[in-house]
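One structure is given here, and the rest of the page talks about it.
Each reported figure results from applying straightforward, stated rules to the coordinates on display, with no laboratory input. Computed from a predicted structure; not experimentally measured. Cβ: placed from backbone, ideal geometry, glycine included. Neighbour counts: every protein chain shown.
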Amino acid sequence: MVPDRLYTPPEASLGAYEHLLDTLGFQRAVIVQPSIYGTDNRATLGAAATDPERYRAVVVVDVSVTDAQLQQMHEQGARGVRANLLFSGDKAMAELRSIADKIAPLGWHLQALLDISTFPDPYTYFSNLPVQTVFDHMGHFPVAKGTGTEGFQALLALMHEGKAWTKLSGAYRITGKAAPQYDDVTPIARALIAANPDQVVYGTDWPHPHIPVAMPNDGDLLDALIDWAPDAATRRAILTDNPARLYGF
């Protein structure tokens, strides 16, 4: 782990993750590089390589990454780059554009962690990137701000035009309520699905690191999807068809 990390998580083994997947009934999964490892993707790619049919990976890189390194990671199952933009400045945004240019030939996407309600002009910035962006945790903004907030409306527009995706994950990170009552997130999730049900995927966010609330129950989190997407065909798209297209399963 990098010395300047924001938190130190408890151990979360691949075996424990596979137990979760089997319990919930997931046949495929995407392992996302956490910030604690910086750009050292060995744990993430090593886990993905244990079962190439089941796993894909989202890695973290910087502007020094070479085309050869990206190609090697692609062969190990990587299909995207995660960018933490919660506390970013102009330099980070410029570097992200450079990274997007590098990964575009591979057909990868960016997975962006940011507060969509405070990000400056997200529509212009992300619509001009040469790759698709997957917005983590439904835009990662306090749901008390409501669906009418300008940044969220920009996200809906990006999705409607097929320029962005959203991951339905981390409801407990944006709710104003205590577990397991995340019903205040429902209008947010439903608005995202309505904007473009073909540009939405689901994420468990396991092992739920660095959260200020009580540890959520993964069954409760998955059950919420039934309320967010009552239509079985829509849930199949979110859980099966859309991720197959996005991650290349």
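General observations
- Backbone amide hydrogens, once placed in the peptide plane, bring F135 within less than 5 Å of A112, W165, T166, K167, excluding anything fewer than 5 places away on its chain.
- Amide hydrogen neighbours beyond the local backbone of Y202, cut-off 5 Å, H modeled: L168
- The chain, helix-only ellipticity at 222 nm - DSSP H runs n ≥ 4, -39,500 (n - 2.57), divided by all residues, nearest 500: -10500 deg cm²/dmol
- Here the relative contact order of the chain, from alpha carbon pairs under 8 Å that lie six or more residues apart, stands at 13 percent.
- Using a Förster distance of 41 Å, the FRET efficiency for D227-S127 (Cβ separation, nearest 0.05): 0.85
- In this rough spin-label picture, where each label sits 7 Å from Cα along the Cβ direction, the A94-D4 distance is 1.8 nm.
- Cα centroid separation, the stretch 63-86 to the stretch 4-40: 18 Å.
- If the Kirkwood radius is taken over C-alpha pairs of the stretch 78-130, then at 25 °C and 0.890 mPa s the Stokes-Einstein diffusion coefficient equals 213 µm²/s.
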